[in-house]
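Notes for the one structure printed next.
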Amino acid sequence: MNNNMIYWRGVCIGEVINPIVDNFDVFGKWKPNENTNEQTSLIKEIEDNEEAYICFGNVKSGFIATVVEVPDDYIDIRCRGHYEDMQTLIHTPEHYDEIIRKRRHNG
């Protein structure tokens, strides 16, 4: 199972090839998949709000993260928190913020 997948609102939109990790940041080559409608929606979210929440990992677990620049050949991700089982997430910024706050509070 590939742990470098990028999900926007619960839909896989691509993957990071050869990611480089630096503390909470992940940087790597962006390989989008065929979900162009979702990719367009992600780009619009970044342009309208200066960032967009994504999930980075796989369906079982990974990181709640933000992207602040529209990906071109490369993507830069800031990890904010951790999730278990993407199927249980509500894919809204408010829900992601709540998960991040709970994890920080609970250690």
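Please verify whether Tyr53 is in contact with a helix residue (DSSP H, G or I) (Cβ under 6 Å, 6 or more places away or on another chain) and under 22 Å from Arg103 (Cα atoms), treating the condition exactly as stated. Yes, satisfied. Is it fair to say Thr66 is out of contact with any Phe, Trp or Tyr (no Cβ under 9 Å at 6 or more places or on another chain), free of Cβ contacts under 8 Å to residues at least 60 places away in the same chain and among the hydroxyl-bearing types (Ser, Thr, Tyr)? No, not satisfied. Residues that are open to solvent by 30 Å² or more (accessible area, probe 1.4 Å) and of a type in the set (D, E, K, R) number at least 1 in the following strands (runs of 3 or more DSSP E) confined to the range 1-97: 11-22, 25-32, 74-84. Of all residues in the range 20-36, none that is touching a residue at least 60 places away in the same chain (Cβ under 8 Å) and within 14 Å of Gly57 (Cα to Cα) has its Cβ atom under 9 Å from the Cβ atom of a residue that is surrounded by 15 or more Cβ atoms within 10 Å (Cβ to Cβ) and of a type in the set (Lys, Arg), 6 or more apart or on another chain.
The values are calculated or read from the model by the stated rules, or taken from the named source; none is laboratory data. No experiment lies behind these values; they were computed from the predicted model shown. All Cβ positions, glycine included, derive from the backbone under ideal geometry; neighbour counts span all protein chains shown. These area figures cover heavy atoms from the full protein model, side chains too; ligands, DNA and RNA do not enter into them. Shrake-Rupley method; radii C 1.70, N 1.55, O 1.52, S 1.80 Å.
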